[in-house]
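These notes are about the structure you will find just below.
The values are calculated or read from the model by the stated rules, or taken from the named source; none is laboratory data. Every value quoted in this text rests on a predicted model; they were computed, and no experiment measured them. FYI the Cβ positions are ideal-geometry reconstructions off the backbone, even for glycines, and counts take in every protein chain you see. What goes into the accessible areas is simple: the full protein's heavy atoms, side chains included, and nothing from ligands, DNA or RNA. Shrake-Rupley method; radii C 1.70, N 1.55, O 1.52, S 1.80 Å.
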Amino acid sequence: MPFVRIDALGADGHRLDALGRAVQDALMEVLGIPPEDRFQVLTGHDGTTSTLRHGDCPGVHHDDGIVFVAITMRAGRGPDQKRALSRRIAELADPYADTEPRNVFVSVTENASIDWSFGDGEAQYAPAGGDAAGAVP
Amino acid sequence: MPFVRIDALGADGHRLDALGRAVQDALMEVLGIPPEDRFQVLTGHDGTTSTLRHGDCPGVHHDDGIVFVAITMRAGRGPDQKRALSRRIAELADPYADTEPRNVFVSVTENASIDWSFGDGEAQYAPAGGDAAGAVP
Amino acid sequence: MPFVRIDALGADGHRLDALGRAVQDALMEVLGIPPEDRFQVLTGHDGTTSTLRHGDCPGVHHDDGIVFVAITMRAGRGPDQKRALSRRIAELADPYADTEPRNVFVSVTENASIDWSFGDGEAQYAPAGGDAAGAVP
């Protein structure tokens, strides 16, 4: 269910794939997401027709190796799980994609079980007549 | 007001347009969104400089025909409307864009009326001095 | 912390940069965001492999000069700040990027302090053992 957008500058297909695997493996290890529950948009920007801007706030130095990881998932994970998730993504980005931990930017946005359909037009986590709240994960 | 991002692999302009119309028509039919209330980013990915990753969770088989539909809209629609929306998008994707219903992935994120400006720097759904909560739709 | 996506049709690097500066300057002026707290994905669409769709709702005429500004930031700003933010973005888009105020579309999505990591795998706004709620801004 997590829906992930990853944006990086000048990334080729190999690096995009590695970044995607780093995030997916972190989701699996920390949140127990199943391996097949992988839905990602991986975008390399050429720096001209599309590009990134980054600063150093708060106290972390970034350069053009920065990677934006935007995760949408349903609510329910606590602060400790979220901290562990960001930590693990940053840890894996280095060996997987030669991306320094300081350059891994993560933002999480939450929604509800009813807000997802994985295909066939069904709300698999909140079927009609079922428990609309669903279960996490 | 719904702001929609659609991502597909190897889609040309014709398919992107058809996918955009499928989502807009579903929003109009199910939620009563006006025809002119259409704001979409339609992106075809070449599979190299930008690409998608997909799995089969939960129990739905996807292939590279998968389409990610990410909808941001203000809160207020109930579970039945959301279920009907995903169902209708999946139904229309097939005749409009030759996309099998199993390959239609939908994720909804909500915000508030005050979170929208449609131009001229005004918060049209929550004008100053008005009812900040606005009305849905 | 705000994470910003800007999408425009046929924008070259110069216009994208100007749009990014308009949004950043508005965030700084209205919300007190520090200059170095700038994290943006700026995308120009060629109109074929990726494109935008826009309507005139509600009562604002748009054309292909439309710019979508999607801002993710943590919750805590009130209606007046949000109104002022949209107003200032629209005001600056004209002198900075030759974009008419009517063509500036803004959508804000909120999350929490714990939902951000700016690098090094840490949740800088909600450190372990700290006040998980963090402070705004």
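Worth pointing out:
- A residue that is touching a Gly at 6+ places or on another chain (Cβ under 7 Å) and either among the polar types (S, T, N, Q) or surrounded by fewer than 19 Cβ atoms within 10 Å (Cβ to Cβ) (or both) occurs somewhere in the range C:107-122.
- Yes/no for A:Gly65 being touching a Leu at 6+ places or on another chain (Cβ under 8 Å) and in a strand (DSSP E or B): no
- Screening C:Arg83 on (1) assigned to a loop (DSSP other than H, G, I, E, B); (2) farther than 21 Å from A:Gly55 by Cα; (3) at pLDDT 95 or above shows it passes everything except condition (1).
- Scoring A:Met28 on the criteria (1) in contact with a helix residue (DSSP H, G or I) (Cβ under 9 Å, 6 or more places away or on another chain); (2) within 22 Å of A:Ala75 (Cα to Cα) leaves a single failure, condition (1).
- Total residues in the range B:84-99, condition facing another protein chain (nearest Cβ under 7 Å) and in contact with an Asp or Glu (Cβ under 8 Å, 6 or more places away or on another chain): 3
- Single unsatisfied condition, A:Cys57 versus (1) more than 8 Å from every other protein chain (Cβ to nearest Cβ); (2) touching a Pro at 6+ places or on another chain (Cβ under 6 Å): (1)
- Cβ-Cβ contacts under 8 Å between residues 6 or more apart (or on different chains), taken from a first residue in the range A:80-103 that is of a type in the set (Phe, Trp, Tyr) to a second residue that is in a helix (DSSP H, G or I), are listed as A:Tyr96/A:Ala18; A:Tyr96/A:Leu19; A:Tyr96/A:Arg21; A:Tyr96/A:Ala22; A:Tyr96/A:Asp25.
- Considering residues of the range A:100-115 that are assigned to a helix (DSSP H, G or I) and at the interface with another protein chain (Cβ under 7 Å from one of its Cβ atoms) only, the residue farthest from the chain's Cα centre (by Cα): A:Ile114
- Restricting attention to the range B:60-72, the residues being more than 22 Å from A:Ala112 (Cα to Cα) and facing chain A (nearest Cβ under 7 Å) number 1.
- Of all residues in the range C:25-62 being assigned to a helix (DSSP H, G or I) and hydrophobic (A, V, I, L, M, F, W, C), the one that is surrounded by the fewest Cβ atoms within 10 Å (Cβ to Cβ): C:Met28
- Top-ranked residue of the range B:1-19 - restricted to ones that are in a helix (DSSP H, G or I) and over 19 Å from A:Arg5 (Cβ atoms), ranked as most open to solvent (accessible area, probe 1.4 Å): B:His14
- Being within 13 Å of chain B (Cβ to nearest Cβ), surrounded by fewer than 20 Cβ atoms within 10 Å (Cβ to Cβ), more than 19 Å from B:Thr43 (Cα to Cα) and touching a Phe, Trp or Tyr at 6+ places or on another chain (Cβ under 7 Å) is not true of C:Pro79.
- Here C:Arg15 clears all of (1) touching a Lys or Arg at 6+ places or on another chain (Cβ under 8 Å); (2) under 28 Å from B:His14 (Cβ atoms); (3) more than 10 Å from chain B (Cβ to nearest Cβ) except the condition numbered (1).
- Criterion (closer than 21 Å to B:Ile114 by Cβ and over 13 Å from the mean Cα position of the chain (by Cα)) met by exactly one of C:Ala75, C:Ala90, C:Ala97: C:Ala75
- Condition check for B:Met73 on (1) buried (at least 17 other Cβ atoms within 10 Å of the Cβ); (2) free of Cβ contacts under 8 Å to residues at least 40 places away in the same chain: one failure, at (2).
- Pairs, first free of Cβ contacts under 8 Å to residues at least 60 places away in the same chain and closer than 20 Å to B:Ile66 by Cβ in the range B:12-36, second open to solvent by 50 Å² or more (accessible area, probe 1.4 Å) and not aromatic (Phe, Trp, Tyr), C-beta under 6 Å, six or more apart: B:Gly13/C:Thr48; B:Gly20/C:Arg53
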